[in-house]
1. Counting other beta carbons within 10 Å of each Cβ, put Asp84, Asp64, Asp166 in order, fewest first.
2. Between Gln97 and Leu77, what FRET efficiency follows from the Cβ-Cβ distance if R0 is 30 Å, with the result rounded to 0.05?
3. Can you give the relative contact order of the chain as a percent, counting alpha carbon pairs under 8 Å and 6+ residues apart?
4. In terms of modelled amide H atoms, which long-range or inter-chain residues lie less than 5 Å from the amide H of Leu123?
5. Taking N as the number of residues in the chain, what value does Rg over Cα atoms divided by 2.2 N^0.38 Å take?
6. When the chain is treated as a GNM, springs tying every alpha-carbon pair under 10 Å, which of Ala56, Ala19, Ala11 comes out with the largest mean-square fluctuation?
7. For segment 50-103 and segment 168-191, what is the separation of their C-alpha centers, rounded to whole Å?
Amino acid sequence: MYIAIEGIDTAGKSTQIAALKNHFPDALITKEPGGTEIGKEIRELVLSARTKSKRAELLLFLADRAEHVKEVIEPNLHKMIISDRSAVSGVAYALIQEDIKSKDLIALNDFATKKIYPQKVFLLRLTKKELEFRLSQKELDGIELRGSEYLLKIQESIKQASRLLDLTLIEIDATKSINEITKEILNNINT
């Protein structure tokens, strides 16, 4: 099974992935962007916020996605794959730019992924108050510096992206305890 843990920055994706690793010790843990050697370079470039063109940023993400599917996802579809983000995030970020039609965006992602998408997507959802608190506790990267309103827009866009990609989305309140969230994810994996 291929699952993705989605959510805006500080939602607790890394924490949940670490917890899931305890339940699935043989699982392949990966992330997007940055799940390959080339992907690490692309991730660093995108997070530096140096691109002036949102289209260039989108194309970098698509290049990472194509490489990730080819090198990591496709050869391991017989295993449990747990990914920190997926095409869903990529589509969500691109949707809020309002620079590309959704049908074109889906076509580009279908091309990059060979239509290999997670079977289940878990969205760790944050409130504005909790997001702002969590952001205040850390040094911010280029994406986080865009502010809480931007990140909350992404969170809503993740829902839209899942619908456009026709993927199963399970929303989970990220303000719950770590154990409650893990249990909810496990219950949904097993159904």
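Nothing in this text is a laboratory measurement; each read-out follows from the coordinates by a stated rule. Since this is a predicted model, take the numbers as computed values, not measurements. We place every Cβ from the backbone using ideal geometry, glycine too, and count neighbours over all the protein chains shown.
1. Sorted ascending by nearby Cβ count, the order is Asp166, Asp84, Asp64.
2. Computed FRET efficiency for Gln97 and Leu77 comes out at 0.45.
3. Once divided by the residue count of the chain, the mean separation gives 33 percent.
4. Counting only residues 5 or more places away or on other chains, the set is Glu6, Ile170, Glu171, Ile172.
5. Details: Rg = 15.6 Å, N = 191, 2.2 N^0.38 = 16.2 Å.
Taking N as the residue count of the chain, the ratio is 0.96.
6. Ala56
7. Distance between centres, Cα-based: 23 Å.
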